[in-house]
Amino acid sequence: MIIGILAIQGAVSEHADAFQRALRSRGIAGETRLIRTLESLEGIDGLAIPGGESSTISAQMNRLGMDTRICQMVEEGLPVLGTCAGTILLARRLESDGEEVTNPLGLMDITVRRNAFGRQKESFEHDIQIDGIDGNYRAIFIRAPMIIGLGEGVVSLAKLGEETIIAKQGNMLAMVFHPELTMDTRVHEMFIDIVLKR
Ligand code: GLN
């Protein structure tokens, strides 16, 4: 199993480490591959789009011609994980607050509000419950967006108050927090399960 990590900007090495821990804890022989070129997308079994600055990632993806190829691969069934900025990039609709322009890939039928928790609370941690995961999960939010609209066929797997913080649509999993910044590998394992089912 080869998990590609889009390595343009953001929490790239943290995702690679988290996937390596998750693969080990599942006893799966797998590896991670940092995706910096269009060619390196070929042959991967899953793709993670990390958190960071969505406008920067989107501009580079576009410049490298990766956006078109990623859309094609995901539409053909490639499992994709979006975390924080990655979720902004997967969205079909964005509600912005005058931030730098981000051109999302538009793959998931969700509406995302950037920086939804406000600048005064740019980061915080919260215990959440996730469908399919037993017990609490400590989630780290950094300038987090919020998933404010879910189209048909999209399920909410976790909420903070009334708002969705994890959405799943077929082979696509999107969350507004940073699972790669904790030692808890359960969210990465959840994505590995989607890859295994493909
Ligand atoms: N607010 C950032 C953006 O709009 C996302 C923050 C993050 O990924 N931690 O790109």
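The values are calculated or read from the model by the stated rules, or taken from the named source; none is laboratory data. Worth saying up front: this structure is predicted, and the values here are computed from it rather than measured. Positions of Cβ are generated from backbone atoms using ideal geometry, with glycine treated the same way; all protein chains shown enter the neighbour counts. Areas reflect the complete protein model, heavy atoms only, side chains present, ligands, DNA and RNA absent. Shrake-Rupley method; radii C 1.70, N 1.55, O 1.52, S 1.80 Å.
Ile147 satisfies every condition listed in (1) touching a residue at least 60 places away in the same chain (Cβ under 8 Å); (2) away from the ligand (no atom under 16 Å from the Cβ); (3) within 28 Å of Gln72 (Cβ to Cβ) except (2). Restricted to segment 86-101, and to residues that are touching a residue at least 12 places away in the same chain (Cβ under 8 Å) and open to solvent by 60 Å² or more (accessible area, probe 1.4 Å), which residue is farthest from the ligand (Cβ to nearest atom)? Once the filter is applied, the top-ranked residue is Arg92. Screening Arg92 with (1) outside any loop (DSSP other than H, G, I, E, B); (2) out of contact with any Asp or Glu (no Cβ under 6 Å at 6 or more places or on another chain) gives one miss only, at (2).
With respect to being over 25 Å from Ala16 (Cα atoms) and away from the ligand (no atom under 16 Å from the Cβ), Glu189 falls outside the description.
Pairs linking a residue in segment 182-194 that is among the β-branched types (Val, Ile, Thr) to a residue that is in a loop (DSSP other than H, G, I, E, B), with Cβ atoms under 8 Å and 6 or more positions apart or on different chains, are Val187/Ile130; Val187/Ile133; Ile192/Met1; Ile192/Ile28; Ile192/Gly30; Ile194/Pro79; Ile194/Asn171.
Quick grid of which residues meet (1) open to solvent by 30 Å² or more (accessible area, probe 1.4 Å); (2) of a type in the set (Gly, Ala, Ser); (3) within 16 Å of the ligand (Cβ to nearest atom); (4) at pLDDT below 95:
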| site | (1), (2), (3), (4) |
| --- | --- |
| Arg114 | no, no, yes, yes |
| Glu122 | yes, no, yes, yes |
| Ile130 | no, no, no, no |
| Phe141 | no, no, yes, no |
| Glu163 | yes, no, yes, yes |
| Leu173 | no, no, yes, no |
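How about segment 14-29: which of its residues are without any contact (Cβ under 8 Å) to a residue 60 or more places away in the chain and either more than 15 Å from the chain's Cα centre (by Cα) or open to solvent by 70 Å² or more (accessible area, probe 1.4 Å) (or both)? Reasoning before the result, please.
Here is the first cut: in segment 14-29, the residues without any contact (Cβ under 8 Å) to a residue 60 or more places away in the chain are 16, 20, 24, 27, 29.
Matches in segment 14-29: Gln20, Arg24, Gly27, Ala29.
Could you say whether any residue in segment 44-63 is free of Cβ contacts under 8 Å to residues at least 60 places away in the same chain, in contact with a Ser or Thr (Cβ under 8 Å, 6 or more places away or on another chain) and surrounded by fewer than 17 Cβ atoms within 10 Å (Cβ to Cβ)? Within segment 44-63, not a single residue is free of Cβ contacts under 8 Å to residues at least 60 places away in the same chain, in contact with a Ser or Thr (Cβ under 8 Å, 6 or more places away or on another chain) and surrounded by fewer than 17 Cβ atoms within 10 Å (Cβ to Cβ).
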